């Protein structure tokens, strides 16, 4: 069964014609998004800078109550 | 805490001493960045949603008839669906990046409300779409015809189903229900999943979005088919495609108008300021007329906030009151009624709401202080307020207004000009789409579609219009509710992460460049495949 599924996908990708270009675009896009944008420009700040939810809550409360 | 509450993120976070005043350019750039990402993402989504169903219809006809011409037709539109899906896929994830970086206060505040629907969306999208899209594209002659067809249908339903969740989350931001605010964690907690997903706003938003997306795809198919007919190429394919798309188009155009009408009624009730902005209505009235068409200009001289005056307008008497209340005697509040209050009609002034909101914020601040100093008695007294329905109704309900204490009232009014034009462009185009799809269907059924070249040109020129209408709809929904991120609870000035504006500007331009390149790629690949036609490899 697993081999059948593998062959299905393998054959599908192998016989792709116009789809190859699209996969190229998808991979470049995913690389830009995850390896560049996510890594260097878009950290999850609260997750990165605080160890616990209590600290995160404290920080956000501070922000919300000091407009 | 790892490195202090305001850590240096590539030196682009604002230092603590500068936190007192939020730079509006930061809010504007952050909003601009989010709008750019969301609107770019929305170029692809509606076509994916609608085209997947059109492909499934065609695929069904092929399986039922065994007609090879239908197989070619199905494969052609499936190819265009694939191109659109590939270019658009994952562009929405950038929005989630932005939540964590640019809108961290907001993403914490909304908590599970956003997390749960988006997690479900992620899982559904991954399993349904990626699994069945593969079967859809690779399955020709590899799996049984029926299973292959099932994959096409599941792809279509999977795409729509994944749209449900993001729309539910958005609907909650427009109309927060089914949740309570926990002042200890500063998060909203879901108390009723069903209230969140079946709120009137969520249901209507889903139906209006999905029907307008189906309509967009129908017009795309009719437009592309018209190009073939104009060139006298693939005539049978183009006529058949037009029949399917125009049937789907008429049904979904009617559905879009009906859901749009109920959406306006809901907006009028739940977000009266947005509704007033959509109609540039400043003074509320009974027997309010609906502006069918008009042009506005900004007049800065007359009041404490600039207002839009009509250069000209054509009105339908009583129609606005009737649209909202189903009776012409219904009072539709204008911007002035909402800002300055209207006791007779039960509208509290914004100044009063600001005062009450400030009390709610101060209570939250006092609660935190009591907790920090271990004053249990004060803490319990203050904590109890957040469970008291009367206090919640009198004060917490206006929480977001508290951020405008000492600021100008005009900051609480959305951009009226843009809201007005976006709304009217959307409505006028919606009317055009209904007439257009009816004509296309009528002539197709009479086998006369394609006989009039000017009509084919109309079809071709109409092709980009649903995108304009769809984006205008997004502008009405999102810009019209400004300044709120979570309606009347959290404004953009409180939701935004206090980064340096230059940090947001850098990513804005990176996105603009990336998105432009992707868009060019989409158009080029799409055009080259269309030129090849259904027979092309």
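No value in this document is a laboratory result; all are computed from the given coordinates. Just so it is clear, the model here is predicted, and its values are computed rather than measured. With ideal geometry, Cβ positions are generated from the backbone for all residues, glycine too; neighbour counts draw on all protein chains shown.
Take the range B:79-101 and flag every residue that is closer than 23 Å to residue A:46 by Cα and part of a helix (DSSP H, G or I).
B:93, B:94, B:95, B:96, B:97, B:98, B:99, B:100, B:101
Which of the residues belonging to the range A:47-61 are surrounded by 15 or more Cβ atoms within 10 Å (Cβ to Cβ) and either within 22 Å of residue B:76 (Cβ to Cβ) or at the interface with chain B (Cβ under 7 Å from one of its Cβ atoms) (or both)? Steps first, please.
Just the residues of the range A:47-61 that are surrounded by 15 or more Cβ atoms within 10 Å (Cβ to Cβ), to begin with: A:49-50, A:55-61.
Result: A:49, A:50, A:55, A:56, A:57, A:59, A:60, A:61.
Keeping to the range B:83-101, report how many residues are in contact with a helix residue (DSSP H, G or I) (Cβ under 6 Å, 6 or more places away or on another chain) and either under 19 Å from residue B:526 (Cα atoms) or more than 8 Å from chain A (Cβ to nearest Cβ) (or both).
Selection size over the range B:83-101: 10.
Out of the residues in the range B:481-507 that are in a helix (DSSP H, G or I) and buried (at least 18 other Cβ atoms within 10 Å of the Cβ), which is farthest from the other protein chains (Cβ to nearest Cβ)? Spell out how you get there, then give the answer.
Step one: filter the range B:481-507 for residues in a helix (DSSP H, G or I), giving B:492-495, B:501-507.
Filter once more, so that each one left must be buried (at least 18 other Cβ atoms within 10 Å of the Cβ): B:492-495, B:501, B:503-504, B:507.
Numbers: B:492: 12, B:493: 7, B:494: 6, B:495: 9, B:501: 14, B:503: 8, B:504: 10, B:507: 5 Å.
The qualifying residue farthest from the other protein chains (Cβ to nearest Cβ) is B:501.
Here are B:441, B:409, B:434: which of them is buried (at least 19 other Cβ atoms within 10 Å of the Cβ), away from every other protein chain (no Cβ under 14 Å) and in contact with a helix residue (DSSP H, G or I) (Cβ under 9 Å, 6 or more places away or on another chain)? Talk me through it step by step, then tell me what you get.
Details: B:409 fails: buried (at least 19 other Cβ atoms within 10 Å of the Cβ); B:434 fails: buried (at least 19 other Cβ atoms within 10 Å of the Cβ).
Sole residue among the options that is buried (at least 19 other Cβ atoms within 10 Å of the Cβ), away from every other protein chain (no Cβ under 14 Å) and in contact with a helix residue (DSSP H, G or I) (Cβ under 9 Å, 6 or more places away or on another chain): B:441.
Would a scan of the range A:51-64 turn up a residue that is touching a strand residue (DSSP E or B) at 6+ places or on another chain (Cβ under 9 Å), touching a residue at least 12 places away in the same chain (Cβ under 8 Å), under 20 Å from residue B:365 (Cβ atoms) and part of a helix (DSSP H, G or I)?
yes
Looking at residue B:533 and the list (1) on the phi > 0 side of the Ramachandran plot; (2) under 20 Å from the mean Cα position of the chain (by Cα), which single condition is not satisfied?
So the condition that residue B:533 fails would be (2).
Can you tell me which residue within the range A:17-46, out of those that are outside any helix (DSSP H, G or I) and under 25 Å from the mean Cα position of the chain (by Cα), is farthest from the other protein chains (Cβ to nearest Cβ)? Even if it seems obvious, please write down each step before you answer.
Initial filter on the range A:17-46 (outside any helix (DSSP H, G or I)): A:17-18, A:42-44.
From what's left, under 25 Å from the mean Cα position of the chain (by Cα): A:42-44.
Numbers: A:42: 4, A:43: 6, A:44: 4 Å.
Top of the filtered list is A:43.
Quick one: residue B:349 ticks every box in (1) without any contact (Cβ under 8 Å) to a residue 12 or more places away in the chain; (2) closer than 16 Å to residue B:412 by Cβ; (3) within 14 Å of chain A (Cβ to nearest Cβ) bar one, so which box is it?
Of everything listed in (1) without any contact (Cβ under 8 Å) to a residue 12 or more places away in the chain; (2) closer than 16 Å to residue B:412 by Cβ; (3) within 14 Å of chain A (Cβ to nearest Cβ), residue B:349 misses just condition (3).
From (1) free of Cβ contacts under 8 Å to residues at least 24 places away in the same chain; (2) closer than 25 Å to residue B:474 by Cβ, pick out the condition that doesn't hold for residue B:296.
(1)
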